[in-house]
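Below you'll find the structure, written out as structure tokens, and then a few comments.
Every number in this text was worked out from the coordinates using simple rules, so none of it is lab data. Note that the coordinates shown come from a computational prediction; the quantities given were computed from them, not determined experimentally. Note: ideal-geometry Cβ built from the backbone for every residue, glycine included; neighbour counts use all protein chains shown.
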Amino acid sequence: MAKGSMGAIAGLGITRMSREWMGPAPVLAADAIRRAIEDAGLEKKDIDGLLINAGLSSGKFGANSLTVSTQNLLGLRDMGLTAEMVAQGSTTGQMVQYAMMAIEKGMCNAVVCVYADAPMQPGTSAGGSYGMGRVAGAANVTTMDMLDLQYGMTGANAMYGLAARRHMALYGTTQESFAEIAISNRQWATMNPHAIYRDPLSFDEYFASRWIAEPFRLYDCTMVNNGAVAVVVTSAERAKDLKQPPVHVLGMGQGHPGNPKKKGYENEVNSGAQQSGKTAFRMAGITKDDVDICELYDCYTYTTLVTLEDYGFCAKGEGGEFVKGGTLAPGGALPTNTGGGQLSAYYMWGMTPLSEAVIQARGQGGERQVKKNDIVLVSSQGGLLDHHATLIVSPHETVH
Amino acid sequence: MDKMNTSEVEAIIQPDEASAPFFDGAANGRYMLLRCKACGEWHAPQAVMCMECASPDLEWQEASGKGKLHSFVIVHRAQIPGIEAPYNLSVVETDEGPRVVSRIVGIDNNQIEVGMALNVTFGKLTNGMSLPYFTPG
């Protein structure tokens, strides 16, 4: 199979990121889309595809509901591809993949992929907005859907905490490694004007922070915030004539291992990145040794650790040692989450890693720009490590 | 320490016809899991079909009530009425195979260890409903 660009990201739009209310999700989406089209040097009439990932604003009623009707809010006409996509945190990578396939098959020419959400509303907490407590009393919930909640299984913090604990028990991983990841993210974020948390973080501050769900402290868990990010996907040929340096996609993959939740399986320490990464590396014709920068979905510090293992940057179980000593930090051997990631910059699901990958591949990272940016590995990941999508992006149309 | 006075926990779950054997079993000191009538595979209480042979024919059967701790967290934010934070939330690997979410009782949170052997025990909620928990065995 010929190696080379399968399509390119030609435009990027990032709204202001805030933990305060800035308006409903469709308005934020429209803002990001407008910025992305302008960034690409395109006009609205050039856009003939729209893929939407609505976060918690999916499937709602009222002004904060983000649906395919957003097409009309923007006045987009005669689209060759339009859908809302829902694959939990893996959606962003998938949107870009399906956009490129549709373009390659001639269904459309320029597809906007957008993530927007506004979960932080007056009177809600981050935990409250994402907690499973919100399902209590909901219609159409069967008895056994409530069983885990009856024991106090209230959301993602506990679910990922259980996974992290399993890793600690099997491999001796410690919180020092989680702290390394949180601190490294923050070092990058201090140089990112888009980042919400830009004050440096020390080991002492990490270990003094409150418990959320042991083994996780506050700084192990992503923030939740409002905002939107959009990218314009087009063909490699088309992207060359546009305003921005093209960001080519050289490889892509997905991995959805399935979790039977029974004896003999270790899904808590094995994510979909294993399968997804193999597919993407093979397609790009590269190995992990060719990767210059990682932009990983980091809903928790542990997610970064297990994803690095599953992409093969170290052996299974050795992620805790691998990240020590500033490996992922500015100046480290494997610059990772160079904008601060979800932990420190902004929580836009898979658009957090993808947006920073576009910035780095273009060489527009300013103070935080990584010098060698030939290959950037981007992950989107959802569920409890259940759903994974990989993109390998590059400023180059071919790498060999 | 997690005091684990389960009798203070409010029921947010309402048994229905399909789940009644699970709660009736608990009330009678029997730990019930689902089992496939076609291939014999055991399943967690949430199963809707056999994940191995795809048969829809599952039935409740009494399980051994023995297992080991797969993982646990100590949750520091109370959200369920009657469960005081910090509390342990645990995943138990039953001897039959399915892993279930539960809580460990009869032990300090700081003595809980992944891999420890567990036995089922039962506690009542404020409305008198019985629920399975696990205790070191």
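Normalising by the residue count of chain B, find the relative contact order in percent from Cα pairs under 8 Å and 6+ residues apart.
For chain B, the relative contact order is 28 percent.
Grab the Cα-Cα distance for A:Q369 and A:T279, subtract it from 0.36 nm times how many residues apart they are, and report the gain in nm with one decimal.
29.6 nm
Could you please rank A:W211, A:W349, placing first whichever residue has the fewest other Cβ atoms within 10 Å of its Cβ?
The order, fewest Cβ neighbours first, is A:W211, A:W349.
For B:N28 paired with A:K316, estimate the spin-label separation in nm (one decimal), with each label point 7 Å from Cα along the Cα-to-Cβ line.
4.2 nm
Report, in whole Å, the centroid distance computed from the Cα atoms of the range A:167-196 and the range A:49-68.
Their Cα centres are 31 Å away from one another.
With a sphere of radius 12 Å drawn around the Cβ of A:R166, what net charge do the other residues whose Cβ falls strictly inside it have (Lys, Arg +1; Asp, Glu -1)?
-1
Show me, for the range A:285-292, the HN-Hα J-couplings you get by feeding each phi into the Karplus relation (A = 6.51, B = -1.76, C = 1.60, θ = phi - 60°), rounded to Hz, glycine and proline as x.
For the range A:285-292, the Karplus-derived couplings read x, 10, 10, 4, 5, 7, 6, 8 Hz, x marking Gly and Pro.
Sort out for me the Cα centre separation of the range A:227-261 from the range B:73-137, rounded to whole Å.
The range A:227-261 and the range B:73-137 have Cα centres spaced 43 Å from each other.
Only bridges whose two residues both fall in chain A count here: according to DSSP, what percent of them are antiparallel, nearest 5?
Here the antiparallel bridges make up roughly 70 percent for chain A.
Taking all pairs of different Cα atoms in the range B:82-137, averaging 1/r and flipping that mean, what Kirkwood radius in angstroms comes out?
12.1 Å
With an 8 Å cut-off on Cα pairs and a minimum separation of 6 or more residues, tell me the relative contact order of chain A in percent.
25 percent
Taking the highest mean first, how do the peptides B:81-87, A:378-384, A:65-71 order by number of other beta carbon atoms within 10 angstrom per residue?
Ranked by mean Cβ neighbours within 10 Å, highest first: A:378-384, A:65-71, B:81-87.
Express in % the proportion of alpha carbon pairs of the protein assembly as shown at distances exceeding 46 Å.
Summing the P(r) of the protein assembly as shown above 46 Å gives 15 percent of all pairs.
Can you compute the charge dipole magnitude of the protein assembly as shown about its Cα centre, using +1 on each Lys and Arg Cβ and -1 on each Asp and Glu Cβ, nothing else charged? Give it in debye, rounded to the nearest 20.
560 debye
Rounded to the nearest 5, what % of DSSP beta bridges with both residues in the range A:284-394 are antiparallel?
Close to 60 percent.
Hey, can you grab everything whose amide H is under 5 Å from the amide H of A:G155? Only 5+ residues off in sequence or another chain; H modelled, so Pro and N-termini drop out.
Distant-sequence amide H within range of A:G155: A:M132.
How would you rank A:V399, A:V291, A:V86, A:V247, going from fewest to most other Cβ atoms within 10 Å of each one's own Cβ?
Least to most surrounded, the residues fall as A:V86, A:V399, A:V291, A:V247.
Give me, ordered by chain and number, the residues 5 or more places off A:L50 or on other chains with an amide H under 5 Å from its own placed amide H.
For A:L50, whose amide H was placed from the backbone, the distant partners under 5 Å are A:L81, A:T82, A:A83, A:V112.
Could you list A:K45, A:K3 in order of exposure, starting from the residue whose Cβ has the fewest other Cβ atoms within 10 Å?
Starting with the residue having the fewest Cβ neighbours, the order is A:K45, A:K3.
Length gain on complete extension for the stretch A:V68 to A:T124, per 0.36 nm per residue less the alpha carbon to alpha carbon distance?
Gain on extension, A:V68 to A:T124, equals 17.5 nm.
Calculate, in nm to one decimal, what B:E113 and B:A85 gain on full extension: separation in residues at 0.36 nm each, minus their alpha carbon distance.
Gain in length upon complete extension: 8.2 nm.
Of the residues A:Y171, A:Y347, A:Y160, which exhibits the maximal mean-square fluctuation in a Gaussian network model of chain A defined by a 10 Å Cα contact cut-off?
Its mean-square fluctuation being the largest, the pick is A:Y171.
Show me, for the range A:350-361, the HN-Hα J-couplings you get by feeding each phi into the Karplus relation (A = 6.51, B = -1.76, C = 1.60, θ = phi - 60°), rounded to Hz, glycine and proline as x.
x, 6, 5, x, 5, 4, 5, 5, 5, 4, 5, 5
Could you name the lysines in cross-link range of B:K66, using Cα to Cα under 25 Å and dropping any fewer than eight places away on the same chain?
Qualifying lysines at Cα under 25 Å: A:K261, A:K262, A:K263, B:K3, B:K37, B:K124.
Take the alpha carbon atoms of chain B, find their radius of gyration, then divide it by 2.2 N^0.38 Å using N residues; give the quotient.
Here the Cα radius of gyration is 1.06 times the empirical estimate.
Which FRET efficiency value, to the nearest 0.05, is calculated for B:E17 and A:R210 with the Förster distance at 41 angstrom and r the Cβ-Cβ distance?
0.40
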